[in-house]
Amino acid sequence: MIAVSNEKSLKARYTGEKYRDVEKKVEASSRHEAFVLFENAKKRLNDINNWQLLCGKTPAEFHLTDETGNILHVPAPQTGNLIRVRCYDKEKDKDKFIWYRIGEFLHEKNLLKDTEHFGFKVTMVSGPEAIPSVEEGITCTFVVTRSGCKVSAVEAERSRIVAGTGHPVLARLRDKLQHVFSWINSSNQQWKSLINGVLQY
């Protein structure tokens, strides 16, 4: 657990946030088909080890791992699990790994409004066994929703911006985040493909 003072120190490093949402909506021909589509979307979203199949020709590979980085073969992720993204770094001409720690889950169902929500939030970390924090400044939330006959999938990204400073530690953090931002920006099509794949109809 990070001390409150440390949390305030981390938050003070940032000046704001960048927002980006990728969304797809599908109108089913009946409530039954909407139910089926929603349940299938949940299964695809949980099947992290096969996300690359949903992304088509993406160069990235996704694996669900435990907190030490060992690949897990389970039907659904849990809080504390990691997502390991393997991608090619053109600048260094080699593969690199980006890690996300799975945080809170969303499970909601409202019979009166005829709506259902399922999803989870992930925060970027430096690697296995990293202290859970917001230090990396990037979070993604993956959610599938059914509202009557409408089913939607969303990937919502929040990128916290490092404050301009001459401090060497913060400068390194800023440079690291800028490199990650460039990868995420280039992977925009990848997330679109994932969301489209989750809602394959």
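Read the figures in this text as sums done on the coordinates, not as results from a lab. Because the structure is predicted, anything quoted here is derived from the model rather than measured. Here Cβ is always computed from backbone atoms with ideal geometry, including for glycine, and neighbour counts include all displayed protein chains.
Details
- Given R0 = 41 Å, the distance between the Cβ atoms of F97 and K25 translates into a calculated FRET efficiency of 0.80.
- Members of K24/K94; K57/K96; K18/K113 lying beyond 29 Å, as alpha-carbon distances in this model show: K24/K94; K18/K113
- For the stretch 16-66, a simple Cβ point-charge model (Lys and Arg +1, Asp and Glu -1, everything else neutral) yields a dipole of about 140 debye relative to the Cα centre.
- Between E33 and N110, the modelled labels are 2.6 nm apart [label points 7 Å from Cα along Cα→Cβ].
- Per the Kirkwood formula applied to alpha carbons, the stretch 39-124 shows a radius of gyration over Rh ratio, Rg over Rh, of 1.05.
- Residues S159, S147, S126, sorted so that the one with the fewest Cβ neighbours within 10 Å comes first: S126, S147, S159
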